[in-house]
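Report on one structure; see the data block that follows.
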Amino acid sequence: QVQFVESGGDLVQPGGSLRLSCAASGFTFSTNDMDWYRQAPGKQRELVARITIGGSTIYPHAVKDRFTISRENAKNTLYLQMNSLKPEDTAVYYCHTTLGFQGYWGRGTQVTVSS
């Protein structure tokens, strides 16, 4: 079955950096667009970054120029490099893809930005 295992979340000071990883299995990773979402306490889950099978990327304004999504198809792994982190980036970060009409999520990894 489809599985994602996210890792790399941590407590980091404002201005710091983190690199998240998502190991995917159970489907053909290289032929799917992939997303990172995040959910902060009391808020809706929101898209953080998307990478297409062709390598095109999409970012919302809140993270553009600070976050970079990438993929390594040979390792079935998705990455999110996060720089210049802010307290408002604090959230659980999730890996996501859609197969047909079904969306799949990982369990997430906690990112906390605080001094």
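Numerical summary
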read-out	value
Environment charge of G15, counting only residues whose C-beta is closer than 12 Å and scoring Lys/Arg +1, Asp/Glu -1	+1
Distance histogram for the chain (every C-alpha pair counted, 10 angstrom bins, percent rounded to whole numbers)	15, 50, 29, 6, 0
Surface share of carbon and sulfur [accessible, 1.4 angstrom probe, percent] for the chain	47 percent
Relative contact order (%) - criterion: Cα under 8 Å, at least six apart; region: the chain	36 percent
Virtual spin-label span in nm between L11 and I53, 7 Å along Cα→Cβ	4.3 nm
Within the chain: Cβ-based charge dipole about Cα centre, in debye rounded to nearest 20 (Lys, Arg +1; Asp, Glu -1)	20 debye
Solvent exposure of the chain as accessible area per residue, Å², 1.4 Å probe	55 Å²
DSSP-assigned coil residues among trypsin sites (Lys or Arg not before Pro) in segment 1-105, each with at most 16 further Cβ atoms within 10 Å	K43, R45, K64, R66
Chymotrypsin sites (Phe, Trp or Tyr not before Pro) restricted to segment 29-101 and DSSP loop, no more than 12 other C-beta within 10 Å	F101
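The values are calculated or read from the model by the stated rules, or taken from the named source; none is laboratory data. Predicted model only: the values in this text are computed from it and were never measured. We place every Cβ from the backbone using ideal geometry, glycine too, and count neighbours over all the protein chains shown. Accessible surface areas use protein heavy atoms only, side chains included; no ligands, DNA or RNA. Shrake-Rupley method; radii C 1.70, N 1.55, O 1.52, S 1.80 Å.
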